[in-house]
1. Ala92 - would you say it is surrounded by 13 or more Cβ atoms within 10 Å (Cβ to Cβ) and without any contact (Cβ under 8 Å) to a residue 24 or more places away in the chain?
2. Just give me the residues in the stretch 118-159 being closer than 30 Å to Ile55 by Cβ and without any contact (Cβ under 8 Å) to a residue 60 or more places away in the chain, in sequence order.
3. If we scan the stretch 155-175, do we find a residue that is touching a Ser or Thr at 6+ places or on another chain (Cβ under 7 Å), under 30 Å from Arg37 (Cβ atoms) and either of a type outside the set (D, E, K, R) or modelled with pLDDT of 80 or more (or both)?
4. In the stretch 134-157, how many residues are of a type in the set (A, V, I, L, M, F, W, C) and either in contact with a Leu (Cβ under 8 Å, 6 or more places away or on another chain) or loosely packed, with under 13 Cβ neighbours inside 10 Å (or both)?
5. Looking at this structure, is Ala13 within 25 Å of Asn139 (Cα to Cα), modelled with pLDDT under 90, small (Gly, Ala, Ser) and surrounded by fewer than 13 Cβ atoms within 10 Å (Cβ to Cβ)?
Amino acid sequence: MNIFKRIFRIGQAEIHSVVEKMEEPVKMTEQGIREMRENLNQSLEAYAKVKATAIRTNNLIDTKNKDAKEYEEKAILLLKKANENSIDVNQAENLAKEALGYKKQLLDEVEELSVQLTVHEKSTEELQKSIEVLKFNINKWENELATLKARAKVANATKLVNKQMAKIDANSTISMLERMKTKVEEDEALAQAYGDLAKNDKSADDKINQFIKEDYLQSELDTLKNKLANEEKI
């Protein structure tokens, strides 16, 4: 039995529970809607055929009733002509009986056709009700499907986020932060060491230059002193 035929027989409160337990609820719902549309098309086709049969039967009843009335009028006309001596009485009566016989045959057929028409009309009504139920269910399940797709989209997004979050627990986060802190401290210490080294190198260079400068100035001073001493002797 089709799964949706079972679903339609349970309470509305249980439908959501059953759908949620399906392995692939969206695909199953879409398949169910397709099947209902196929059933709707078949019902519409059957309805059209039965309705057409009912219309033809009703038209046939009208035609036979009309023919029966005409045969009755012909019988009356024959009897009038007999009364007027326009036709032999026996001949008129015999022809009138034949006309009335045709009338009875037609009315019997009308009676039989009327029974058939009642059956056709009842079938048409039942098919119409089935069509309305199918249309209602299709509309209901299309709305259910739209809701289901939206829920599935949200659920998948939430599942993805939670899955990613589950991979980052508290311990791993703290451990990662500690490693980053250690690395930063190491980089800071290394930067300071390079800075100190640069300062030491600069100080040594300054001392060397200072000593060279002092020697140069002393040499200049001694030269000037010797020059003055020589001038005084002269």
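The values are calculated or read from the model by the stated rules, or taken from the named source; none is laboratory data. Keep in mind that this is a model prediction, so the values were computed, not measured. Note: ideal-geometry Cβ built from the backbone for every residue, glycine included; neighbour counts use all protein chains shown.
1. For Ala92, the condition - surrounded by 13 or more Cβ atoms within 10 Å (Cβ to Cβ) and without any contact (Cβ under 8 Å) to a residue 24 or more places away in the chain - is met.
2. Result: Thr118, Val119, Lys122, Glu125, Glu126, Lys129, Glu132, Val133, Phe136, Asn139.
3. Within the stretch 155-175 (the criterion being touching a Ser or Thr at 6+ places or on another chain (Cβ under 7 Å), under 30 Å from Arg37 (Cβ atoms) and either of a type outside the set (D, E, K, R) or modelled with pLDDT of 80 or more (or both)), the answer is no, since none of the residues qualifies.
4. 8
5. Yes, satisfied.
Yes or no, residue by residue, for (1) part of a helix (DSSP H, G or I); (2) without any contact (Cβ under 8 Å) to a residue 12 or more places away in the chain; (3) surrounded by 12 or more Cβ atoms within 10 Å (Cβ to Cβ):
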| site | (1), (2), (3) |
| --- | --- |
| Ser86 | no, yes, no |
| Glu98 | yes, yes, yes |
| Tyr102 | yes, no, yes |
| Leu107 | yes, no, yes |
| Val110 | yes, no, yes |
| Gln116 | yes, no, yes |
